[in-house]
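J.: First the structure, which I've put down as structure tokens, then a few questions once you've had a look.
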Amino acid sequence: MDYYICPMHIHLCCIGKTDDNRLSSLAEAYCKRLPHYTKFSYTQLPDIKNRKSLTKNQQKEKEAALFLEFIPDKEPVVLFDEKGKSLDSMSFANYLQKKQLAGIKKVWFLIGGPYGFSSNLYTRSQEKISLSSMTFSHQMVRLFALEQLYRAFTILSNEPYHHR
């Protein structure tokens, strides 16, 4: 079977580790599947220290500093954010395909901490995508993002995972 080949390198980056082993196990399964379709990296940056003694804005600023230290300058950044554009799975697949066809070699998808992103990450990003208008824990969002990335590539490969 021919597979859709995407030369684009997708980086999914988030803050902190997932506490629930069941969610971690499911996330790992998608992380193992994605390299079949594209170059893929999944990075969990360390939780910020003394989080409970910080305000929400201080937490977001410290998390932003971690992200910005890790992400190379000038590489495209997309935030998974509740304020972002809503896309269904087919539209998200088309979105990724358009990036690839435009010659984008790398794209960073970020998942923030429990309070979202700081203003400087909104400024640094090129786009925002919402995974749902509902609110989910930032740990569950990782799994949803991974599943949607996987689903997008199976759609582009005309595989039966996504029923049309």
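J.: Between 23, 66, which is over 28 Å from residue 157 (Cβ atoms), surrounded by 15 or more Cβ atoms within 10 Å (Cβ to Cβ) and not basic (Lys, Arg)?
T.: 66
J.: Step by step: first the residues of the range 111-123, then only those that are in contact with a helix residue (DSSP H, G or I) (Cβ under 7 Å, 6 or more places away or on another chain) and open to solvent by 50 Å² or more (accessible area, probe 1.4 Å), then the one that is modelled with the highest pLDDT. Which residue is that?
T.: Top of the filtered list is 120.
J.: Testing residue 128 on (1) part of a strand (DSSP E or B); (2) open to solvent by less than 30 Å² (accessible area, probe 1.4 Å); (3) basic (Lys, Arg), one condition comes back false. Which one is that?
T.: All conditions are met except number (2).
J.: A further question on this structure: Which of (1) open to solvent by less than 90 Å² (accessible area, probe 1.4 Å); (2) more than 16 Å from residue 146 (Cα to Cα); (3) touching a Ser or Thr at 6+ places or on another chain (Cβ under 9 Å); (4) part of a helix (DSSP H, G or I) is the odd one out, the single condition residue 57 does not satisfy?
T.: Every listed condition holds for residue 57 apart from (1).
J.: Looking at residue 104 and the list (1) open to solvent by 30 Å² or more (accessible area, probe 1.4 Å); (2) at pLDDT below 95; (3) more than 16 Å from residue 11 (Cβ to Cβ), which single condition is not satisfied?
T.: Only one criterion is unmet by residue 104, namely (3).
J.: Give all pairs with beta carbons closer than 6 Å in which a residue from the range 150-162 that is aliphatic (A, V, I, L, M) meets a residue that is open to solvent by less than 30 Å² (accessible area, probe 1.4 Å); count only pairs at least 6 apart in sequence or on separate chains.
T.: 152/92; 152/93; 152/96; 155/93; 156/93
J.: Something else: Can you name the number of the only condition in (1) within 13 Å of the chain's Cα centre (by Cα); (2) more than 19 Å from residue 34 (Cα to Cα) that residue 126 fails?
T.: The failed condition is (1).
J.: In addition: Answer yes or no as to whether residue 93 is in a helix (DSSP H, G or I) and crowded, with 17+ Cβ neighbours inside 10 Å. If you could, list the steps in order and put the result at the bottom.
T.: On the way: in a helix (DSSP H, G or I): yes; crowded, with 17+ Cβ neighbours inside 10 Å: yes.
Answer is yes for this residue.
J.: Now for a separate question. Within the range 34-71, can you find the residues that are hydrophobic (A, V, I, L, M, F, W, C) and closer than 17 Å to residue 121 by Cα?
T.: 45, 48, 64, 65, 66, 67, 68, 70, 71, listed by residue number.
J.: Just checking, does the range 147-160 include any residue being of a type in the set (Lys, Arg), at pLDDT 95 or above, closer than 16 Å to residue 13 by Cα and assigned to a helix (DSSP H, G or I)?
T.: Taking the range 147-160 first, the residues of a type in the set (Lys, Arg) are 151.
From the residues that got through so far, the ones that are at pLDDT 95 or above too are 151.
Restricting the remaining residues to those that are closer than 16 Å to residue 13 by Cα gives none.
Checking the range 147-160: not a single residue is of a type in the set (Lys, Arg), at pLDDT 95 or above, closer than 16 Å to residue 13 by Cα and assigned to a helix (DSSP H, G or I).
J.: Within the range 35-54, how many residues turn out to be in a helix (DSSP H, G or I) and open to solvent by less than 60 Å² (accessible area, probe 1.4 Å)?
T.: 1
J.: Let me ask something additional. Test residue 82 against the stated conditions and say whether it is open to solvent by 20 Å² or more (accessible area, probe 1.4 Å) and at pLDDT 95 or above.
T.: On the way: open to solvent by 20 Å² or more (accessible area, probe 1.4 Å): yes; at pLDDT 95 or above: no.
So residue 82 does not fit the description; no.
J.: Another question about this same structure. Quick one: count up the residues across the range 150-164 that are surrounded by 15 or more Cβ atoms within 10 Å (Cβ to Cβ) and either out of contact with any helix residue (DSSP H, G or I) (no Cβ under 6 Å at 6 or more places or on another chain) or farther than 21 Å from residue 34 by Cβ (or both). If you could, list the steps in order and put the result at the bottom.
T.: Going through the range 150-164, the residues surrounded by 15 or more Cβ atoms within 10 Å (Cβ to Cβ) turn out to be 150-157, 162.
When the remaining residues are screened for being either out of contact with any helix residue (DSSP H, G or I) (no Cβ under 6 Å at 6 or more places or on another chain) or farther than 21 Å from residue 34 by Cβ (or both), the result is 153-154, 157.
Matching residues across the range 150-164 total 3.
The values are calculated or read from the model by the stated rules, or taken from the named source; none is laboratory data. Predicted, not measured: the structure shown is a model, and the values here were computed from it. All Cβ positions, glycine included, derive from the backbone under ideal geometry; neighbour counts span all protein chains shown. Areas reflect the complete protein model, heavy atoms only, side chains present, ligands, DNA and RNA absent. Shrake-Rupley method; radii C 1.70, N 1.55, O 1.52, S 1.80 Å.
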